[in-house]
Amino acid sequence: MVPLRHSLLARTLAVICLPLMVAVAIAVLAAITFTSRDAANALDDRARRIAGILAGAAAEILWNVDDMAARALLQPVANDPDFLSVAILDASGAPFAALGDVAAAAGKDDVDERVTLEHHPPGRSAARPIGTLELRLSGRRAAELAADRARAIALAGAVLLTVVAATLLLILRGVTEPVRAMTLAMSELAASRTSIEIPARGRRDEIGHMAAALATLREHEDERLRFIGRQSHLMEEIERTVEERTAELQAALDTLRLAQGELVRTEKMAALGGMVAAMAHEINTPLGNSLTVATTLADEIERFQAMVAGKELRRSALREASESFATGGRLLVANLTRAAELIGSFKRVAVDQTSELRRGFDLAGVCGEIVTTLWPSHKNSGVRIDLAVPPDIVMDSYPGALGQVLGNLVVNAFIHAFDGVPPGTIRIVATPADGGDVVMIEVIDDGRGIPAADLPRIFDPFFTTKLGFGGSGLGLHITYALVSRVLGGRITVASRPGEGTRFTMTLNRVAPRG
């Protein structure tokens with residue numbers, strides 16, 4: 001319920017009655033002021049007239065020193081209702097004749113009138129002062145009259161204000177009471193309680209139209225609440241269905257994650273298996289050469305031993321055998337060294353990629369080992385690999401993850417970049433940045449490029465353009481996950497059809513821990 005001080009009735013009465021009260025107060029003050037001023041002016045005028053009337057006779061009486069005449073002159077003045085005192089003073093200021101209390105102190109509302117008494121000698125034009133007439137009248141009656149008039153005016157104003165306020169109250173109550181009742185009804189309706197009774201529905205004025213509109217609003221609210229109830233019941237059924245479907249989807253998602261993890265492991269093992277096959281084929285060449293040299297060298301040794309046993313050894317034969325043995329030894333050492341280098345590179349790469357050990361390493365060395373292990377599988381493709389990695393870039397990170405990332409990017413370029421186009425070049429470029437704390441590694445090819453429609457999905461799992469032809473769609477997804485989660489960096493791709501592709505990795509030289 002609206003407090004009375006905030007109600008429309010109180011505000012309307014305040015707006016109308018307050019100015020009226022101010023006007024009445026101003027009128028009362030003005031009436032008191034003007035009445036008091038008029039009464040004071042009237043008293044002053046009367047005092048001047050009486051003093052003027054007495055002055056002429058008083059001058060003659062004072063000149064003739066006639067006491068009886070002075071009393072007879074002053075006696076009628078004492079009958080005035082406002083009379084206080086009157087006196088005729090001689091030239092020295094001594095009283096000649098007086099009535100009333102001449103020595104009493106004058107009140108604030110009293111009026112003192114003083115007139116100089118003059119004698120006009122015969123034959124002279126100039127008058128001669130011979131005394132003074134002093135008259136004092138009381139202003140109390142005039143002040144009481146002014147107060148009575150002010151009270152009458154104030155009473156009239158109060159009566160007028162009361163009548164106006166009562167009339168406005170009667171008028172406004174006929175408007176505000178229905179409005180207040182409808183306000184309460186709207187409050188109940190806002191609280192979704194539609195069982196309310198609409199007031200003033202039978203009126204034909206604006207209040208009646210408001211009541212009719214409120215009744216319509218109640219019907220609409222009732223219909224809305226029924227609709228909400230139906231929707232709530234339907235939402236409960238939908239929620240139950242969603243919970244069931246969510247449980248089913250969660251189970252399917254768990255299965256999919258298990259399958260994805262298995263596919264990732266399979267992808268890693270398949271890549272490692274391919275690397276093993278290519279490395280075995282590559283190692284077979286130096287080992288085969290070593291075997292051939294060793295066999296030839298064994299035959300030469302047997303032939304030399306036969307010559308020694310048959311005592312047919314000559315200086316020239318000894319020199320040929322020595323040169324043959326030296327040549328065979330050099331060839332054997334060179335081929336076995338090459339095989340050992342290949343096996344060492346493969347071992348380091350294989351150990352790094354099958355573990356997630358963190359260690360310090362030289363970036364150029366790791367990149368070189370990755371290229372060494374990948375090159376045998378693709379050396380017949382006609383594609384050339386250029387490595388532009390500055391020396392002495394030492395990183396504290398995960399070489400296995402970095403090697404798998406570089407391997408995935410290079411293999412992806414071998415498979416996709418030059419499909420249907422002439423063989424080109426794959427470049428691996430590393431550049432220190434941000435004062436040496438960050439390393440930017442780019443894998444760039446000049447192949448066919450990536451269509452604009454495929455570019456936003458390039459890192460999505462299971463997205464591949466070689467589906468059914470050996471592509472699983474997990475290579476670049478694994479690459480993105482390794483760069484962002486293990487190496488703590490970010491990877492971006494830029495490509496335009498026919499202009500090649502550029503993968504850019506931004507890595508911290510010291511990978512984040514945890």
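The values are calculated or read from the model by the stated rules, or taken from the named source; none is laboratory data. Owing to the predicted nature of the structure, the values given are computational and were not obtained by experimental measurement. We place every Cβ from the backbone using ideal geometry, glycine too, and count neighbours over all the protein chains shown. We work out accessible area using only protein heavy atoms, side chains counted, and drop any ligands, DNA or RNA first. Shrake-Rupley method; radii C 1.70, N 1.55, O 1.52, S 1.80 Å.
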Between V394 and S381, how many nm apart are label points set 7 Å from Cα along the C-beta direction? 3.4
Average projection area in nm² (convex hull over Cα atoms of region 377-460, one quarter of hull surface): 7.1
Can you run the Rg to Rh ratio on region 48-112? Use alpha carbon positions and the Kirkwood inverse-distance Rh. 0.95
Quick check: with the 1.4 Å probe, what order do I53, I444, I88 take by accessible area, largest first? I53, I444, I88
Under 5 Å from the placed amide H of G447, counting only residues 5+ away or on other chains, we find G500, T501
Viscosity 0.890 mPa s, temperature 25 °C: Stokes-Einstein D of region 40-178 from its Kirkwood Cα radius, in µm² per second? 134
Amide H of A97 versus every other amide H placed in the peptide plane: which residues, excluding those fewer than 5 positions away on the same chain, fall under 5 Å? I88
Each residue of region 407-413 in turn: what ³J(HN,Hα) in whole Hz from Karplus with 6.51, -1.76, 1.60 and θ = phi - 60°, glycine and Pro shown as x? x, 4, 5, 5, 4, 4, 5
If you count only protein heavy atoms with a 1.4 Å probe, what accessible area per residue comes out for region 356-496, rounded to a whole Å²? 46
Relative to the present Cα-Cα distance, how much length would full extension add between E302 and R141 at 0.36 nm per residue of separation? 41.0 nm
Could you tell me the center-to-center distance, by alpha carbons, between region 219-244 and region 363-379 in angstrom? 65
If you take the Cα Rg of region 384-514 and divide it by 2.2 N^0.38 Å, with N the number of residues, what do you get? 1.05
May I ask for the distance between the Cα centers of region 32-53 and region 431-449, given as a whole number of Å? 113
With θ set to phi - 60° and the Karplus curve 6.51 cos²θ - 1.76 cosθ + 1.60, what are the ³J(HN,Hα) couplings of region 112-119 in order, to the nearest whole Hz, using x for Gly and Pro? 10, 10, 10, 10, 7, 8, 10, 10
What distance in nm separates the two pseudo spin-label positions at E60 and E243, each 7 Å out from Cα along the beta-carbon direction? 12.9
So if each residue of separation counts as 0.36 nm, and I subtract the Cα-Cα distance between S92 and E320, what length gain in nm does that give? 64.0 nm
Segment A294-L18, length gained on full extension (0.36 nm per residue, minus Cα span): 86.7 nm
